[in-house]
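K.L.:
Structure in structure tokens, see below.
The values are calculated or read from the model by the stated rules, or taken from the named source; none is laboratory data. What you see is a predicted model, and the numbers here were worked out from it, not measured in a lab. Neighbour counts are summed over all protein chains in view; Cβ atoms, including those assigned to glycine, are modelled from backbone coordinates with ideal geometry.
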Amino acid sequence: MSTRSLIAFQDVAGDIISTYCHMDGYPSHNGAILLNCWNSQILAEGLVNNGYLSSLFPTIKEINEARVNNDETDRHSGERAFVNNADPLFMEYLYLFKEGKWFLSESMTAKTPDGYSEATYYFSVFTPLIERTKKDNEIEDLLNEVKEAIK
């Protein structure tokens, strides 16, 4: 099963330009690569403007070698339009480069026991990606400590 994401940047006019990434969208993969390899306005624009991503890699060459589709980018009239155009049931993560850094929004679920469906899906507000990856690293460190203590 794929972990789908959209990767986007905000241009000088405030529009959001996005592209689809089919696999490995979770922050420990896509987030880490974005922070380590695509962490400037110029790099983010080059990545997104390259189009469809089967999976994210550190170089355009690797991305293009893995590409199975030639979908182009989408333009949205702002952050709200970008989020409203994404389907949180099928898209797990939204990555947005703006204000000189990467931000992350995650697909969320809320139970609706008195509704016609069991749950509703929505996206969280954007938070700095570095905060999420720090939290993931802290959790991984704790798990490693527990594994060491069990030995």
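K.L.:
Which of the residues spanning the range 60-78 are surrounded by 11 or more Cβ atoms within 10 Å (Cβ to Cβ) and polar (S, T, N, Q)?
P.N.:
Selection gives 64, 73, 77.
K.L.:
Name the residues in the range 57-76 that are under 15 Å from residue 19 (Cα atoms) and polar (S, T, N, Q), would you?
P.N.:
Within the range 57-76, 64, 69, 70, 73 meet the criteria.
K.L.:
Among the residues of the range 37-53, is there at least one that is within 13 Å of the chain's Cα centre (by Cα) and surrounded by fewer than 22 Cβ atoms within 10 Å (Cβ to Cβ)?
P.N.:
No, the range 37-53 contains no residue that is within 13 Å of the chain's Cα centre (by Cα) and surrounded by fewer than 22 Cβ atoms within 10 Å (Cβ to Cβ).
K.L.:
Let me ask something else about it. Counting only residues that are assigned to a loop (DSSP other than H, G, I, E, B) and in contact (Cβ under 8 Å) with a residue 24 or more places away in the chain, how many does the range 12-30 have? Quick ask: steps written out before the conclusion?
P.N.:
First pass over the range 12-30, keeping only residues assigned to a loop (DSSP other than H, G, I, E, B): 12-15, 22-26.
Checking the rest, the ones that are also in contact (Cβ under 8 Å) with a residue 24 or more places away in the chain come to 14-15, 22-26.
Result for the range 12-30: 7.
K.L.:
Just to check your reading of the model, which residue among 121, 116 is surrounded by 14 or more Cβ atoms within 10 Å (Cβ to Cβ), at pLDDT below 95 and either more than 19 Å from residue 36 (Cβ to Cβ) or over 17 Å from the mean Cα position of the chain (by Cα) (or both)? Write out each step before concluding.
P.N.:
Details: 116 fails: surrounded by 14 or more Cβ atoms within 10 Å (Cβ to Cβ).
121 is the lone residue from the list that is surrounded by 14 or more Cβ atoms within 10 Å (Cβ to Cβ), at pLDDT below 95 and either more than 19 Å from residue 36 (Cβ to Cβ) or over 17 Å from the mean Cα position of the chain (by Cα) (or both).
K.L.:
When you look at residue 6, is it part of a loop (DSSP other than H, G, I, E, B), under 13 Å from the mean Cα position of the chain (by Cα) and modelled with pLDDT of 95 or more, yes or no?
P.N.:
On the way: part of a loop (DSSP other than H, G, I, E, B): no; under 13 Å from the mean Cα position of the chain (by Cα): yes; modelled with pLDDT of 95 or more: yes.
For residue 6, the condition - part of a loop (DSSP other than H, G, I, E, B), under 13 Å from the mean Cα position of the chain (by Cα) and modelled with pLDDT of 95 or more - is not met.
K.L.:
Looking at the range 84-123, which of its residues are in a loop (DSSP other than H, G, I, E, B) and among the aliphatic types (A, V, I, L, M)? Steps first, please.
P.N.:
Applying the first criterion (in a loop (DSSP other than H, G, I, E, B)) to the range 84-123 yields 86-92, 99-100, 112-118.
Across the range 84-123, the qualifying residues are 86, 89, 91.
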